[in-house]
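Read-outs: derived from the displayed coordinates by stated rules, not from any lab. Note that the structure is a prediction, hence the values are computed from the model and not measured. Here the Cβ is made from the backbone with ideal geometry for all residues, glycine too, and neighbour counts use every protein chain on show.
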Amino acid sequence: EGMAAGLHMFDPEAGGSDDDAAWNIGWVRRYAATAPCVLVEFAWRERGLIVDPTTADQFKSIADLRGRLIVPRQAEAGTQALLEHLLAEAGIGLDSCVMTEPARTETDAAEVVASHMGEVTLGLRPSAAQFKLEFVPILRERFDLLVDRKAWFEPPMQAFLAFCRSEEFRFKAKTMGGYDITDLGKVHFVGA
């Protein structure tokens with residue numbers, strides 16, 4: 001049991017990747033609509049292809065993944081679901097891709113590319129920067145917090161939100177690159 005969980009679940013039936021409705025709301029309606037919860041925006045962030053600098057010119061879009069050694073995430077990860085959707089949208093079947101063992105985290109996936117054990121992964125700009133890899137932007141995704149409604153009003157959650165609105169936090173988000181916290185705290189859904 002916890003106070004909040006981070007979500008970045010894309011729902012292609014709800015709209016395009018830059019559409020507010022396409023991120024998390026459909027998932028929460030399906031699985032948590034009767035729960036006393038609040039879906040709160042945390043940040044928009046850039047998601048793209050993480051590649052070695054020596055091969056960056058070979059990757060411009062998802063279409064360039066056909067036949068490449070891709071570092072996937074575990075089946076339950078939002079990033080993996082998004083990758084599979086983007087591949088299907090580009091007309092690329094999973095049978096046209098070569099996959100390494102799944103990585104447990106964004107950092108692990110970027111590290112596999114950095115160690116030349118994989119050619120490309122779908123990840124976040126800061127993960128590419130951490131390993132001095134190239135980043136090819138593909139889309140923006142909304143990362144939200146699904147918060148227990150009672151916990152939303154409790155001192156720990158309010159202290160967390162106050163910190164997230166601080167200049168120190170805004171500066172860190174800006175220096176990481178690829179994060180937009182303009183609408184941090186915006187409520188997108190309220191459960192039962």
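When only DSSP loop residues count, what trypsin sites (Lys or Arg not before Pro) in the range 125-186 have their Cβ near at most 13 other Cβ atoms within 10 Å?
Within the range 125-186, the qualifying trypsin sites (Lys or Arg not before Pro) (loop, at most 13 other Cβ atoms within 10 Å) are Lys132, Arg165, Lys186.
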- Item | Dipole of the chain, positive end: most advanced residue of Ala81, Ala21, Ser115 [Cβ charges, Cα centre] | Ala21
- Message: Of Thr105, Gly91, Ala63, which is farthest towards the positive pole of the chain's charge dipole, taken about the Cα centre with +1 and -1 on the beta-carbons of Lys, Arg and Asp, Glu respectively?
- Response: Thr105
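Apply 1/(1 + (r/R0)^6) to the Cβ-Cβ distance of Phe171 and Lys132, taking R0 = 30 Å, and write down the FRET efficiency to the nearest 0.05.
Details: r = 22 Å, r/R0 = 0.75.
E(calc), rounded to 0.05, equals 0.85.
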- Rounded to the nearest 500, the 222 nm mean residue ellipticity computed for the chain from DSSP H runs (n ≥ 4, each -39500 (n - 2.57)) alone is -8500 deg cm²/dmol
- Item | Cβ-Cβ FRET estimate between Phe163 and Val187, R0 fixed at 30 Å, reported to 0.05 | 0.95
- Query: Straight-line reach from Lys172: which lysines have a Cα under 22 Å away, not including same-chain ones fewer than 8 places off?
  - Reply: Lys132, Lys186
- Note on the structure: The extension gain from His116 to Ser96, computed as 0.36 nm times the residue separation minus the Cα-Cα distance, is 5.2 nm
- Within the chain, which is the longest segment containing none of the GluC sites (Glu not before Pro) that sit in a DSSP loop and have at most 14 other Cβ atoms within 10 Å? 77-192
- Query: What label, among (1) 1.07; (2) 1.35; (3) 1.16, belongs to Cα Rg over 2.2 N^0.38 Å computed from the structure on display?
  - Reply: (1)
